[in-house]
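One structure below.
The values are calculated or read from the model by the stated rules, or taken from the named source; none is laboratory data. The model shown is predicted, which means the values in this text are computed figures rather than measured ones. Cβ coordinates were reconstructed from backbone atoms using ideal geometry, including for glycine residues, and neighbour counts include every protein chain displayed. These accessible areas exclude ligands, DNA and RNA; they are computed on the full protein's heavy atoms, side chains included. Shrake-Rupley method; radii C 1.70, N 1.55, O 1.52, S 1.80 Å.
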Amino acid sequence: MKVGDRVRQNDKAIKMTVKSGKQLPISCTTGIVIEIRDQLPPKKEETEQLIKILSYLGRQVDVLWSNGKLSKNFAENSLRVLNEK
């Protein structure tokens, strides 16, 4: 994934639910990646489990969605690249 790629949300990393436990449908909205930030190296006090979770989520990505909304710090692995720039 790189800046300028067209993306759509997927449910690989996060599944959204409501209080009743019902899973929400994944948005069909597309967006453009406008910034990617690498993960900071782990601190000594961070647990191995936390390090694994952060690695699984991937880098922090800012996405400008087609509806005009800007999402900051989106998990890279919760996005699917539709077409690369």
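Scanning the stretch 11-37 for residues that are open to solvent by 90 Å² or more (accessible area, probe 1.4 Å) and under 20 Å from Arg80 (Cβ atoms), which turns out modelled with the highest pLDDT? Break it down stepwise before answering.
Taking the stretch 11-37 first, the residues open to solvent by 90 Å² or more (accessible area, probe 1.4 Å) are 12, 15-16, 19-20, 22-23, 25, 28.
So of that shortlist, the ones also under 20 Å from Arg80 (Cβ atoms) come out as 12, 15-16, 23, 25, 28.
On the way: Lys12: 58, Lys15: 54, Met16: 52, Gln23: 59, Pro25: 56, Cys28: 73.
Checked the stretch 11-37; the qualifying residue modelled with the highest pLDDT is Cys28.
Taking each residue of the stretch 43-55 that is open to solvent by 90 Å² or more (accessible area, probe 1.4 Å) and looking for partners that are part of a helix (DSSP H, G or I) with beta-carbon atoms closer than 7 Å, six or more apart or interchain, yields nothing. Can you tell me how many residues within the stretch 54-77 are outside any strand (DSSP E or B) and aromatic (Phe, Trp, Tyr)? So the count comes out to 1. Close Cβ contacts (under 7 Å, 6 or more residues apart or on different chains) running from residues in the stretch 70-82 that are polar (S, T, N, Q) to residues that are part of a strand (DSSP E or B) and surrounded by 13 or more Cβ atoms within 10 Å (Cβ to Cβ) comprise Ser71/Asp62; Ser71/Val63; Ser71/Trp65; Asn73/Gln60; Ser78/Gln9.
Scan the stretch 40-53 for residues that are part of a loop (DSSP other than H, G, I, E, B) and modelled with pLDDT under 80 and report the count. Working first, answer last.
Initially, the stretch 40-53 is screened for residues part of a loop (DSSP other than H, G, I, E, B), giving 40-47.
Those still in the list that are modelled with pLDDT under 80 too: 40-46.
Count: 7.
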